[in-house]
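The values are calculated or read from the model by the stated rules, or taken from the named source; none is laboratory data. As the structure is a prediction and not an experimental result, all values here were calculated from the model. Cβ placement follows ideal geometry from the backbone for every residue including glycine, while neighbour counts extend to all protein chains displayed. Note: areas computed on protein heavy atoms with side chains; ligands, DNA, RNA excluded. Shrake-Rupley method; radii C 1.70, N 1.55, O 1.52, S 1.80 Å.
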Amino acid sequence: SLNRAFDNRVRLGVMAVLMTREAVDFNELKTLLEATDGNLASHISKLEKEGFVLVKKQFLDKKPNTKYSVTAKGRQAFNKHISALEALISNQNQ
């Protein structure tokens, strides 16, 4: 079953990046996904509310830095979503 939390290009991209890395900061995600500050923040907030993304705010060299990582719940939900997509694709190719 597809998860509606991942039905947006930015949220899908955030999860895809976080599934392959331990943690990613806001600016790197913004660059990788070619998203605006507000757009990315909005989508990350939705993923955080679902419990799929963990947000860690800190200061590096006296500058604010926000890092994101995927939670166990997020990893499980995203893997299930990808499996549902793969099943949908394989059923259409038959």
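Go through L12, L29, L47, L2 for me and flag whichever is open to solvent by 90 Å² or more (accessible area, probe 1.4 Å) and in contact with a helix residue (DSSP H, G or I) (Cβ under 7 Å, 6 or more places away or on another chain).
L2
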Q.
Name the residue that is nearest to M19 (Cα to Cα), counting only residues in region 56-74 that are open to solvent by 100 Å² or more (accessible area, probe 1.4 Å) and not in a helix (DSSP H, G or I).
A. K56
Q | Inter-residue pairs, beta-carbon under 8 Å, first over 13 Å from V14 (Cβ atoms) and in region 62-73, second among the aromatic types (F, W, Y) and open to solvent by less than 20 Å² (accessible area, probe 1.4 Å), 6+ apart | A | K73/F52
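In region 1-54, which helices (runs of 4 or more DSSP H) lie fully inside it and hold 1 or more residues that are within 16 Å of T66 (Cα to Cα) and free of Cβ contacts under 8 Å to residues at least 12 places away in the same chain?
Where helices (runs of 4 or more DSSP H) fall fully within region 1-54 and carry at least 1 residues being within 16 Å of T66 (Cα to Cα) and free of Cβ contacts under 8 Å to residues at least 12 places away in the same chain, they are 26-33, 37-49.
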**Q.** Residue list for region 1-49, filter: in contact with a Ser or Thr (Cβ under 9 Å, 6 or more places away or on another chain) and closer than 18 Å to I82 by Cβ
**A.** V10, L18, R21
Q. Limited to region 76-86, what total is found for residues that are in contact (Cβ under 8 Å) with a residue 12 or more places away in the chain and surrounded by 15 or more Cβ atoms within 10 Å (Cβ to Cβ)?
A. 3
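Quick one: is I82 out of contact with any helix residue (DSSP H, G or I) (no Cβ under 8 Å at 6 or more places or on another chain), closer than 14 Å to A5 by Cα and in a helix (DSSP H, G or I)?
In short, yes.
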